[in-house]
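The values are calculated or read from the model by the stated rules, or taken from the named source; none is laboratory data. Everything numeric in this text was worked out from a predicted model, so none of it was measured. Ideal geometry is used to build each Cβ from the backbone, glycine not excepted, and the neighbour counts take in all protein chains shown. Only protein heavy atoms, including side chains, enter the accessible area calculation; ligands, DNA and RNA are left aside. Shrake-Rupley method; radii C 1.70, N 1.55, O 1.52, S 1.80 Å.
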Amino acid sequence: MRSCFHISTLAMLGLLAGCQSIPEQQSNTTAQQVKPTQPASFVSSLPKKHSVPDLHLEEQYSEVATAPEDLWELTRRNLQLTEHASNPSVVRQIEWFAQYPKHMQQIGSRAEPFYHYVLSKVLERGLPAELALLPVVESGYSPDAYSSGHAAGIWQFIPSTAKYLGIHRSRWYDGRKDVIESTEVALNYLENLNVRFKGDWLLAMAAYNAGGGTISKAIRKNKKAGKATDFWSLSLPKETRLYVPRILAIAEFVRTPDRYNMPLLPIKNEPYFEVIATGGQINLRQAAQMSGVELDVLERLNSGLLKHATDPTGPHQLIVPIEQAPAVVAALDELRSEARTVWAEYKIRSGDTLSTIAQRYGTKVRVIKEVNQLASNTLRIGKVLLIPQAELPELEMAETPSNIQYQVKSGDTLWKIARQYGVSVKNLLRWNQLQSARSLKPGMTLNVAPGNALAKRSQGKRIGYTVRRGDSLSVIADRYNIRVADIRQWNNLDNKSLIKTGQSLTLFIN
């Protein structure tokens, strides 16, 4: 990864990162479909793969019982490259980092949502725990990290390497920023490089940074000159010569933090997030309003969703904090397909403004700008905008409930009650001091606050609708519980008018 991040003294406290170049030779490594599973807490000193002994039940129980509660301790027990800590290059990096004793605490704070997942995947493969620290140097464990060399995600893949390794990318999704897909591909790639360089992990990490071709060329040069071919003996780019010692220095801080006055904030040895199927396309704002999960939390966990929504073609899944997963699942179960976001594509024409487009589709200028990542209101003729339709209205209007109360009936859910009174699930939880949606019981009395959204829905909400393949006026009418005659009236269609795929309609729905 050549010259992607130029590190200054202050920048070190943020991101320490690089980018990658295309390997010289094609490998057999390809991105694999990642299943939405979460491992349980990991046990220290796991046997390497293909060598699991046949333990008696009592011995297995003993192993589980000794699992460390802190992921740093688990990392410490599985470091495999500690013999290099005394190398002068590593010592220089240790001395440099040691000037900033809070650095590892800051890294731990950023890594916390992802570190259990990454470390567990590293240990499942029997790899050195040092590889779980590679994203510390690459990106500071920030999934939104983006370098001047166009590298992205915690593993900092550049576009060409992502394409070579089969990372999925589209206008909706960037697998480089998806912690699950990028981690799978990164570890596959590192294992492949390790095989290529005959089991030498230092050379594999160097190749991850500079490209396998650069390392192979340096090895051939040393062989020709009769010199050693280990990492420390090779003539490599400056960034690569710093890159590997930095990873080893971070590992040394994890191994003996007290020795360097580099305290670590504990990270629990338990999954932080869970992957759930949404059953269809959904945007993050909608999911946040329904479930009460903070929007910025969903955005960080789902950084791969470039439009803040799942790809219309799938897969439809969200990464959510594991403690709040039941609330999200319950809310999704209550979400009818017609209440989901429907996306339209609009090609900008002469005379268009964001306000006129927003009015046409029944949405807001702010939403269009956010979805399309527009920095200003300036539009370019011919550019295609993505327009979210049928988005849930803003429901965070009332900070405190009015004196209206509601008695919970059998079959009620927080989502149903929230929709009925025009408030959010999040507010209902807060106003009634409920821990989760599962706390709702028949007979309970809830404080509720009717908002403007209720009145607006009774009058009908205007939305734009793009006709899809297989649609007819009766299908659309059934979908939104409206009349065909009304659709014709709203859109100046006579009884002989036919609708076509891609045609824009205006609807008023309750």
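The translational diffusion coefficient of the range 197-266, from Stokes-Einstein at 10 °C and 1.306 mPa s with a Kirkwood hydrodynamic radius over alpha carbon pairs, comes to 119 µm²/s.
With θ set to phi - 60° and the Karplus curve 6.51 cos²θ - 1.76 cosθ + 1.60, what are the ³J(HN,Hα) couplings of the range 292-308 in order, to the nearest whole Hz, using x for Gly and Pro? Those phi angles translate into x, 6, 4, 4, 5, 5, 4, 5, 5, 6, 10, 4, x, 7, 5, 9, 6 Hz.
Highest-first packing order for the peptide set 210-218, 372-380 is 210-218, 372-380, based on the mean count of other beta carbon atoms within 10 Å.
Would you mind giving the average projected area, over all directions, of the Cα convex hull of the range 258-355 in nm² with one decimal?
Value for the range 258-355: 10.5 nm².
Couplings for the range 116-127, taken from phi via the Karplus curve 6.51 cos²θ - 1.76 cosθ + 1.60 with θ = phi - 60°, read 4, 5, 5, 4, 4, 5, 5, 6, 4, 8, x, 8 Hz in order; Gly and Pro are left as x. FRET efficiency for the pair Arg125 and Asp494, taken as 1/(1 + (r/R0)^6) with r the Cβ-Cβ distance and R0 = 51 Å, rounds to 0.20. Label-to-label distance, Asp70 versus Lys416, with points set 7 angstrom from Cα along the beta-carbon direction: 4.8 nm. Given the range 158-207, report the % of alpha carbon pairs whose separation exceeds 15 Å. Percentage above 15 Å: 49.
Close amide-amide hydrogen proximity is noted between Gly126 and Lys49, each under 5 Å apart and 5 or more residues distant or on a separate chain (H modeled in the peptide plane; Pro and chain starts excluded).
FRET efficiency for the Thr356 to Arg77 pair, using the beta carbon distance and R₀ = 60 Å, is estimated at 0.45. Amide H contacts for Ala344 (H built 1.01 Å from N in the peptide plane; partners 5 or more residues away or on another chain; cut-off under 5 Å): Ile387, Gln389. Expressed as a whole percent, the accessible area of the range 170-308 that falls on carbon and sulfur atoms is 51 (1.4 Å probe). The amide H of Glu274, built 1.01 Å from its N in the peptide plane, has Val320, Ile322 as neighbours under 5 Å, considering only residues 5 or more places off or on other chains. The Rg/Rh ratio of the range 110-165, with Rg taken over Cα atoms and Rh as the Kirkwood radius over Cα pairs, comes to 1.00. One decimal place: the segment Ser474-Lys217 gains 85.8 nm when fully extended, by the rule 0.36 nm per residue minus the C-alpha distance. Within straight-line reach of Lys416, meaning a Cα separation under 19 Å, sit the following lysines at least 8 residues removed in sequence or on another chain: Lys426, Lys441, Lys456, Lys461. Just to compare against my own numbers: the Cα pair-distance distribution for the range 197-330, 5 Å bins, whole % per bin, please. Pair shares across the bins are 2, 9, 14, 11, 7, 8, 11, 13, 12, 7, 4, 2, 1, 0.
Considering just Cα atoms, how many Å³ per residue does the convex hull of the range 344-388 enclose? Mind showing how you got there, number by number?
Details: hull volume 2.8 nm³, N = 45.
About 62 Å³ per residue, rounded to a whole number.
Checked against a 24 Å cut-off, the cross-linked pairs Lys347/Lys496; Lys177/Lys369; Lys198/Lys221; Lys163/Lys227; Lys177/Lys198 give Cα-Cα distances beyond that limit for Lys347/Lys496; Lys163/Lys227; Lys177/Lys198. In terms of the mean number of neighbouring beta-carbon atoms within 10 Å, the peptides 70-80, 260-270 order highest first as 70-80, 260-270. Derived from the Cα gyration tensor, the three semi-axes of the equivalent ellipsoid of the range 61-189 are 26, 20, 14 Å, largest first. Phi angles across the range 199-216 convert, under the Karplus curve 6.51 cos²θ - 1.76 cosθ + 1.60 with θ = phi - 60°, into 3J(HN,Hα) values of x, 8, 5, 5, 5, 5, 5, 4, 5, 4, 7, 9, x, x, x, 4, 5, 4 Hz, Gly and Pro given as x.
For the range 82-205, the solvent-accessible area works out to 32 Å² per residue, with a probe of 1.4 Å and every protein chain left in place.
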